[in-house]
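Below is one structure; the comments refer to it alone.
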Amino acid sequence: MPILLLGHFITGIATGSTCLCLPIYLGEISHPDIRGVTGSLATACYCIGFSISQVLGALTTWRIATGIMIATAVASFVSILFCPESPVWLIRNDRDEEARAALIRFGFFKFRAFFVLICFLYFLDFGNELI
């Protein structure tokens, strides 16, 4: 019984931190034209995944359901290893060239990436005066 409580605690912390960090990351990397869709899609995927886990728990044995859920968690962890830092974070840490490369990787074209980078830098430099 204590191992189940520990697993439930760890899962709760992981899910809570993902639900907090994912929309922020998606908002920073998404193109402005689709930013609302990507934010909503993250919540929809969370709800669909929760529903699928409930159905798996009802239709299969707990070992099969747990194995499938562990496989999806491992796939999520591995995919996080290939996600680059957000351009906003890179700029705030004075890594402008990496931010430009990240903007290009996220689908901003080369000529637009420089413009977006300049806008980020301008906002970070003068953002406190605008508030």
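The values are calculated or read from the model by the stated rules, or taken from the named source; none is laboratory data. A quick note: this is a predicted structure, and the numbers were derived from the prediction, not measured. We place every Cβ from the backbone using ideal geometry, glycine too, and count neighbours over all the protein chains shown.
When D33 is tested against (1) within 15 Å of F106 (Cβ to Cβ); (2) free of Cβ contacts under 8 Å to residues at least 12 places away in the same chain; (3) surrounded by 12 or more Cβ atoms within 10 Å (Cβ to Cβ), only condition (3) is not met.
Out of the helices (runs of 4 or more DSSP H) lying entirely within the stretch 52-131, which hold 3 or more residues that are more than 28 Å from S17 (Cα to Cα), under 24 Å from the mean Cα position of the chain (by Cα) and at pLDDT below 85? Quick ask: steps written out before the conclusion?
On the way: elements: 62-80, 87-92, 96-105, 110-130.
Output list reads 110-130.
Among residues belonging to the stretch 21-51 that are touching a Gly at 6+ places or on another chain (Cβ under 9 Å) and of a type in the set (S, T, N, Q), point out the one that is modelled with the highest pLDDT. For the stretch 21-51, the residue satisfying everything is T38.
Residues that are modelled with pLDDT of 85 or more and under 17 Å from the mean Cα position of the chain (by Cα) within the stretch 1-20 comprise just one, I13.
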